[in-house]
Each structure stands twice: as structure tokens, then as C-alpha cells.
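Since the structure comes first, as C-alpha cells, the remarks are kept for the end.
No lab work stands behind these numbers, since they all come straight from the coordinates. The model shown is predicted, which means the values in this text are computed figures rather than measured ones. So basically every Cβ, Gly included, is an ideal-geometry build from the backbone, and we count neighbours across all protein chains shown.
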């Protein structure tokens, strides 16, 4: 059986426990078995290629990014127990009242952290994937009341543990805090190796486990680790845009996800994790491809109905093209976005409402708000 790390005894809150210190990547003694993942890797790469190709079905890739990034933000947060829904997120963005404000804040914080990482990777002088960039993202992720006491933006300075009520009955005890900077440095060297021996998707899979094993923060490690998956896929040319929401697959198979992560540490089973990860990429990419086709079909059909409507005008056309980036809205928001008068904005909304494209949600005479319901339902599947 392959050994993937060593144990060292640490004392935390009065208990002596064995903390796991992972070996540097890539797996060795024996190295990762290529025949265990070759076919799965090919299938996953082909699924990603199809997903990239089908994105051309819509006039603007911004539509797809808007939905895909928000679905990933929502699902990765739900893995950690957040109860917010997609409609909650859209309502918050539209300025409407939401009941679970703290949960929605966690999702929007993830969106901010993801944008920060993505912007840096795209800038000529931006930070590469590194401990510094991850700390910057972590600071945004934990911004707010829930993260205030969890050292946002800082590597942990104390021992943590996963599962259990105390260190002595924990499911897993990560490496001691003083080992974290060196372990992250080793991980960075693997990420930035100019002559990698393994396929990029396999390397993404390995980096995710390594990060989760190091567990460098007091909170938010799962979300930052899954954020790295999307960032590395884009950085290594596997997807031109983050159109896939892998967290949906990981949430659906959450118990298996955690079991596979643990098996790497306890049994040295890198191959089992890589196979699980590659299957997840194939499923998630195929699901995202189907979603794009469904969204493109819906928007095309609704646009066709609008173009044939006798009462349609330029304001209603312009409003319709905004809907995929503004699926929940008020008439005042339409007035601002169209830079027009309130009567013109109201008339544009009425055209779309009359066609059944948007629906009013409050049933009130004043302060009404609207929803592109069919689009939101597609995204929420």
C-alpha cells in the first residue's frame, strides 16, 4: 500500500493526537498508475471540449457565466450547510428582501473571492495561484459576521481538526500549523512545474486533495479548495471560461466525495480519488452542456415570440436581452438600466408580461417585482 504522508504527535486543547503531514506531489512509491485513469481522462477531456463548443449557441458567453458561476457558488456553499437558494441570490442582487441574509452573504462572498482569483489569473501582472492569492480570496470569503473570528485572509496559527467534538475523536487531524507554509510551498511548486508528467485534469484532482489535506485555514477550506478546481481548469486551458459547476456532482455524491478524500490519506488510494474526480468532471460537463442547450432554446423561443408581438418596441427588445443577467427585477431597475422614463420602462415590462415571458411576483399595486421564471427554473434544475 502506498504511503501518502507521515504522522506527528501534537497536543491541542489538552489532548495529544496524531496529525497527518502529506508527502509532496506527485504520488510516488509507486507513482500514479496511468492505466487506472487514461480512459476516464479522455472521456472527461472530450466532455469539456463539447461544453466549450456548445457555448457558441448563445449570443453572449456572459449569460452562461452569470448562471454557471452562481450555480457553483451556491452548490459549493450548500456542501458546507448553507441553505440559500438560487432565487435568494437573485433577489439579493436585485435589492429585494431575503430571509436568510447570512446564508446569502456566504454565497455572494464566494462570488467575490472567485472573481478576485479569476481577475488575477487573467491580468499580465496578476498573482498566480499561490498562498498569497488564496489568502486574499479567503479574506473575501470570510468577510462578515460568521467569519470574523476565523482569521480571514491568514494561514492558521493553531491546530484544527475535522469531524468529532474534540481533537481526540476527530475524523481527521491536518498537519501542525507550523508545517503549513512549507506544505503550501511544495504544492505551489507542483502547480507551476513547467514540465508536468501528468495530464492537467489529473493534476487538478491531485491539487484539490493536497489542499484539503493541508487545510491551511481555520474555516472555508472546502470552498477555497473547490474554487481552485475551477481556477486551475481555466488556467491550464481545460475550459476557456468557468462554465462547469463541479460542486453539483460533489454535493450529490457528498459521502463518496469525503470517503475518497479520506482513502487517499489512510490507504494511499490516489487512483480511486482520480477516477471519482474524472467521472465527476464528465458528468458535470455533460450536465452543463445540456443546460446551455436548454437555456439557448428557451431564450431563442421567447425572443421569437417577442419579435412577432404587435406591441413590441425597442425598449422591450432591449429589456429582453438583459433578462439572462437580470432574472429578478423591479420597474425602477429597468428604468435605470434602459436609461429611460418610468412610463417607458413600465410599458416594456408590460409587453413581456403580456407574452408570459416575465411574471409579477408580489400581487401588489405598488413596489412590484418581476421574474424571468422559466429561465430561473432551468438554472435551478
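Is the range 309-380 best put as rounded, prolate or oblate by its Cα gyration tensor, with a ≥ b ≥ c the root eigenvalues, rounded for a/c under 1.5, and otherwise prolate when a/b is larger than b/c, oblate when not? Since a/c stays below 1.5, the shape of the range 309-380 is classed as rounded. Ordering 141, 378 from the fewest to the most neighbouring beta carbons within 10 Å gives 378, 141. Summarising the label geometry, the points placed 7 Å from Cα in the beta-carbon direction at residue 300 and residue 376 lie 2.6 nm from one another. Using just its DSSP H runs of length 4 or more, each adding -39500 (n - 2.57), the chain gives a mean residue ellipticity at 222 nm of -18500 deg cm²/dmol after division by all residues.
Relative to one another, the C-alpha centroids of the range 251-276 and the range 66-141 are positioned 25 Å apart. Rank 330, 297, 341 by mean-square fluctuation in a GNM of the chain with C-alpha springs under 10 angstrom and give only the top-ranked residue. Maximum among the listed residues: 341.
Computed from the C-beta positions of residue 337 and residue 112 and an R0 of 30 Å, the FRET efficiency is 0.85 to the nearest 0.05.
Using Cβ counts within 10 Å as a stand-in for footprinting exposure, how do 35, 193, 219 rank, fewest first? It would help to have the intermediate numbers written out before the result.
Numbers: 35 7, 193 13, 219 19.
By the 10 Å Cβ count, ascending, the order reads 35, 193, 219.
Once you sort the root eigenvalues of the Cα gyration tensor of the range 1-160 as a ≥ b ≥ c, which label holds: rounded (a/c under 1.5), prolate (a/b larger than b/c) or oblate (the other case)? Verdict is oblate for the range 1-160.
Before anything else, pin down the relative contact order of the range 309-380: Cα pairs under 8 Å, at least 6 apart, normalised by residue count, whole percent. Worked out over the range 309-380, it gives 33 percent. When the chain is treated as a GNM, springs tying every alpha-carbon pair under 10 Å, which of 243, 40, 232 comes out with the largest mean-square fluctuation? Looking only at 243, 40, 232, the biggest GNM fluctuation is shown by 40. If the segment from residue 125 to residue 178 were pulled out straight at 0.36 nm per residue, it would be longer than the present Cα-Cα gap by 16.1 nm. Sorted from longest to shortest, the spans of the Cα atoms of the chain along the three principal axes equal 74, 46, 39 Å. The relative contact order of the chain comes to 22 percent, based on Cα pairs under 8 Å that sit 6 or more residues apart.
The fewest-to-most ranking of 371, 77, 130, 3 by surrounding Cβ atoms within 10 Å reads 3, 130, 371, 77.
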